[in-house]
Amino acid sequence: MQEALNEAKKAYDLGEVPIGAVIVHDDKIIAKAHNLTEREQNPLFHAELLVIQEASAKLKSRRLHDCSLYVTLEPCSMCAGAIILARIPNVYIACKDAKSGAVTSLYELLTDTRLNHRCMIHFGTLELECSSLIQSFFRDLRKGDIIKTQSTKIS
């Protein structure tokens with residue numbers, strides 16, 4: 001989870017909501033990512049989606065059966081859907097997201113028995129550090145101390 005927190009700090013430095021994620025396979029980190037939605041001006045560039053994409057490319061598989069995902073904030077419904085589709089068996093989450101969490105807070109997608117895949121969920125590792133980082137980000141954003149980065153891509 002420390003590496004996921006390091007990724008979240010990178011997002012913070014870019015003016016992105018500080019969420020980081022890593023995927024572990026055979027006790028080794030094979031993918032790292034952080035939010036890039038503002039820089040890329042793309043709502044799909046959540047840390048979880050980016051890290052799943054990277055891990056799938058490295059393993060040359062859309063199914064990440066033997067992997068674990070570590071993420072600093074409870075995934076939203078979009079990311080929870082991707083976790084299910086990737087068949088990730090173990091998900092470690094630092095802190096809950098009462099506003100948009102789709103693991104236990106608003107929905108329980110990763111353990112819903114109506115779906116064809118369910119995950120083992122583990123909460124609380126580095127919870128204080130990760131929640132403090134997110135709170136600091138939004139406090140600084142409200143004060144105007146955060147300048148969100150935007151892509152220089154030409155549309």
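The values are calculated or read from the model by the stated rules, or taken from the named source; none is laboratory data. Source: prediction; values computed, not measured. FYI the Cβ positions are ideal-geometry reconstructions off the backbone, even for glycines, and counts take in every protein chain you see. For accessibility, only protein heavy atoms count, side chains too; no ligands or nucleic acids. Shrake-Rupley method; radii C 1.70, N 1.55, O 1.52, S 1.80 Å.
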- What angle do you read, to the nearest 10 degrees and between 0 and 90, between the alpha-carbon axis of helix 2-13 and the longest principal axis of the chain? 30 degrees
- Task: Send over the per residue convex hull volume for the chain, Cα only, as a whole number of Å³.
- Result: 114 Å³
- Message: Can you give me the distance in nm between label points at Lys9 and Ser136, each placed 7 Å from the Cα along the Cα-to-Cβ direction?
- Response: 0.9 nm
- Item | Accessible surface, 1.4 Å probe, highest first, among residues Met78, Met120 | Met120, Met78
- Message: Helix 127-143 against the longest principal axis of the chain: what's the angle in degrees, Cα atoms only, rounded to the nearest 10?
- Response: 30 degrees
- Query: When only C-alpha pairs under 8 Å and at least 6 residues apart count, what is the relative contact order of the chain, in percent?
  - Reply: 22 percent
- Query: Say each of Asp145 and Gln41 gets a label point 7 Å from the Cα, pointing the same way as Cα to Cβ; how far apart are those two points in nm?
  - Reply: 2.9 nm
- Message: Counting just the Cα atoms, what span does the stretch 92-137 cover along each of its three principal axes? Round to the nearest Å and put the largest first.
- Response: 37, 20, 10
- Using the structure shown, select from Lys9/Lys58; Lys28/Lys143; Lys58/Lys143; Lys58/Lys99 the pairs with a Cα to Cα distance greater than 31 angstrom. Lys28/Lys143; Lys58/Lys143; Lys58/Lys99
- How much accessible surface does Ser136 have with a 1.4 Å probe, in Å² rounded to 10? 30 Å²
- Message: Compute, for the chain, the length of the dipole vector about the Cα centre, with Cβ point charges of +1 (Lys, Arg) and -1 (Asp, Glu) only. Units Debye, rounded to 20.
- Response: 380 debye
- Query: Gln2 to Arg87: extension gain in nm, 0.36 nm per residue of separation minus the Cα-Cα distance?
  - Reply: 28.3 nm
- Message: Need one number: % antiparallel among DSSP beta bridges in the stretch 13-112, to the nearest 5.
- Response: 70 percent
- Query: Roughly to the nearest percent, how much of the accessible area of the chain is carbon and sulfur, given a 1.4 Å probe?
  - Reply: 52 percent
- Task: Of all alpha-carbon pairs in the stretch 29-89, indicate the percentage at a distance above 18 angstrom.
- Result: 27 percent
